[in-house]
1. Near A:K14, which lysines are there with a Cα under 27 Å away, not counting those fewer than 8 places off in the same chain?
2. Do you know which residues of region B:23-64 lose at least 50 square angstrom of accessible area in the protein assembly compared with their chain on its own, with a 1.4 angstrom probe?
3. Could you check which residue among B:N67, B:N95, B:N31 shows the biggest mean-square fluctuation in a GNM of chain B with a 10 Å Cα cutoff?
4. Could you work out, residue by residue across B:94-104, how many beta carbons of other chains sit within 10 Å of that residue's beta carbon, and then give the average as an integer?
5. Beyond 22 Å between alpha-carbons counts as too far, so tell me which of B:K22/B:K68; B:K37/B:K58; A:K9/B:K22; A:K70/B:K37 fall in that bin.
6. Put +1 on the Cβ of every Lys and Arg and -1 on every Asp and Glu Cβ in chain B; which of B:Y32, B:L75, B:T106 then has its Cα farthest towards the positive end of the dipole?
7. Using Cα centres only, tell me the gap between region A:47-106 and region B:37-61 in whole Å.
8. Hey, what did chain B get for relative contact order, percent, Cα under 8 Å, at least 6 apart?
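The values are calculated or read from the model by the stated rules, or taken from the named source; none is laboratory data. On a predicted model such as this, the values are computed, not experimentally measured, just so you know. Heads up, the Cβs are rebuilt from the backbone with ideal geometry, glycines too, and the neighbour counts pull from every protein chain shown. The area values use the complete protein model at the heavy-atom level, side chains included, leaving out ligands, DNA and RNA. Shrake-Rupley method; radii C 1.70, N 1.55, O 1.52, S 1.80 Å.
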Amino acid sequence: NAGVTQTPKFRVLKTGQSMTLLCAQDMNHEYMYWYRQDPGMGLRLIHYSVGEGTTAKGEVPDGYNVSRLKKQNFLLGLESAAPSQTSVYFCASRWTGLQSPLHFGNGTRLTVT
Amino acid sequence: GENVEQHPSTLSVQEGDSAVIKCTYSDSASNYFPWYKQELGKGPQLIIDIRSNVGEKKDQRIAVTLNKTAKHFSLHITETQPEDSAVYFCAADPNDYKLSFGAGTTVTVRA
């Protein structure tokens, strides 16, 4: 039981390049989330999904797109990377019960030069 | 949306002393308040949570208190140990699928 797995762990991009961050969970959770973590700003929600085929915007969605084609996977895409997107990205999942805890992956450290 | 404020941003304590982190929230609809611990290079992990129908919850050296009237909740760590050094996040859930997090507290336990 791996929990939440994120790939890659590290990535360096040049401004304007694109990439996709992958998140997979094996807990059969309905809800999945993408957060970014920046110093002094905590965890900010980028996009989330409440089920296969559905996505919604979070607090800081600009510059990102997501897809949830399969229940266990949630993909975060950067179409044209900018230095402001340098951050640590965390994927998380939870059960359908609204008072259920989030389970996090170990993060992807992205640097955009 | 929900706004969670967390204080202090850094906390240094002597091993064996207690540590207290405080959070306030804005949305009176919030009814679930988890606390997460993040160790270096890892994702946050749930350490304790409290629901709005409970005022206090304890798990060994960790306790949380909730004051719904004042909209604040706190994490208390007693008899701190070096392994308690980490970043701690509070969060509030206003029942809209999304958790809102505080900015985090970096706790350092001095030997």
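1. Result set, ordered by chain and number: A:K57, B:K42.
2. Residues of region B:23-64 that lose at least 50 Å² of accessible area once the other chains are added: B:P44.
3. Evaluated over chain B, the most mobile residue of the options is B:N95.
4. 6
5. Table pairs above 22 Å Cα-Cα are A:K9/B:K22; A:K70/B:K37.
6. B:Y32
7. Here the two parts' Cα centres lie 23 Å apart.
8. It comes to 38 percent, rounded to a whole number.
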